[in-house]
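Q: Below you'll find the structure I mean.
FYI, it's all coordinate maths here, none of it is from the lab. It should be emphasised that the depicted structure is a prediction, and the values quoted were computed from it without experimental measurement. Counting neighbours? That spans all protein chains shown, and the Cβs are built from the backbone with ideal geometry, glycine included.
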Amino acid sequence: MGIPEKNRYRTGDLCPLLGIHADTLRWRFTTGKYPEVARDGKGRIFALADIERIIAITKNFPNSRNPKHEVSLPKATKPYPSTGRMPSS
């Protein structure tokens, strides 16, 4: 999965995996897009199972910027197959 093995993880560990800012992660919890996880006096604590669940949920978001989530481009912005160059406008 590309994450170092620890007993617990923090918001700062999770955000790079999701490709989002910490404020976006907090907003998704506040709005109920992600199920709540354990907390301590410093913030949220994520177990590996929590991270796996959140990544699975994120992959189902439309227009997700998650690098593991494929987004198809409109035809006008796809590169030409033979050269890989973008069409000029």
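Q: So which residues in the range 1-13 are loosely packed, with under 10 Cβ neighbours inside 10 Å and among the charged types (D, E, K, R)?
A: Across the range 1-13, the qualifying residue is only 5.
Q: Separate question: Which residues, taken from the range 14-41, are over 16 Å from residue 59 (Cβ atoms), touching a Phe, Trp or Tyr at 6+ places or on another chain (Cβ under 7 Å) and surrounded by 14 or more Cβ atoms within 10 Å (Cβ to Cβ)?
A: 37
Q: Let me ask something else about it. In the range 42-63, what residues are loosely packed, with under 10 Cβ neighbours inside 10 Å and over 14 Å from residue 9 (Cα atoms)?
A: 56, 60, 62, 63
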